[in-house]
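Take a look at the structure below.
Each reported figure results from applying straightforward, stated rules to the coordinates on display, with no laboratory input. Because the structure is a prediction, the values reported are computed rather than measured. Don't worry about glycine lacking a Cβ; one is built from the backbone with ideal geometry, like all the others, and counts go over all protein chains shown.
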Amino acid sequence: MIRIDGQQYWLYAAVDPGSNELLHTKLEPTRTNALAEMFFGELREKHDVDDAVFLVDGATPLKEACRRHGLDFTYERHGNRNSVERVFREVKRRTDSFSNSFSHVDPATADDWLRSFAFAWNRLI
């Protein structure tokens, strides 16, 4: 979750645990089935992920979106999530430099910044 002018926005992100590459990011004001389905649709347009197994958190929309797209997924509450969690910790660390808040910024600008961060991250790993 990222705050923009005091409002919560959810970061949808797909990370390749083998390379730590951020495959796709999207910042949304809510977590819904429709938004999760759109996220996975956009991800599938950009990357061949049909044989991937997605590690999802407890969010029902993510599980439902995987089912509707015919994608395999696993939910691990405490399992081996280290690789992906490291990437999310780095995103959090970078946004913490803004106090985990983008002040007086349009949500689309924050979304652009996150996509730019993902591009730079992928070049550095």
Check: Lys/Arg Cβ at +1, Asp/Glu Cβ at -1, dipole of the chain taken about the Cα centre: which of 41, 71, 55 is farthest positive-ward?
Finding: 55
Item checked: Amide H partners (placed H, <5 Å) of residue 23, local residues excluded -> 14, 15, 16
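What number, rounded to the nearest 500 deg cm²/dmol, is the helix-based mean residue ellipticity at 222 nm of the chain, given -39500 (n - 2.57) per DSSP H run of at least four residues and division by all its residues? Write out the running numbers ahead of the final one.
Numbers: 4 runs with 57 residues, N = 125.
Helices in the chain give a 222 nm mean residue ellipticity of -15000 deg cm²/dmol.
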Margin query: Modelling each spin label as a point 7 Å along the Cα-to-Cβ direction, I'd like the residue 51/residue 117 distance in nm, to one decimal.
Written below: 3.2 nm
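When the dipole is taken about the Cα centre of the chain, and only Lys, Arg (+1) and Asp, Glu (-1) are charged at their Cβ, what size is it in debye, to the nearest 20?
Details: 17 positive and 20 negative charges, 79 e Å.
With only Lys, Arg, Asp and Glu charged at Cβ, the dipole is about 380 debye.
What fraction, in whole percent, of alpha-carbon pairs in the chain exceed 23 Å separation?
On the way: 2317 of 7750 pairs.
That tail contains 30 percent of the Cα-Cα pairs.
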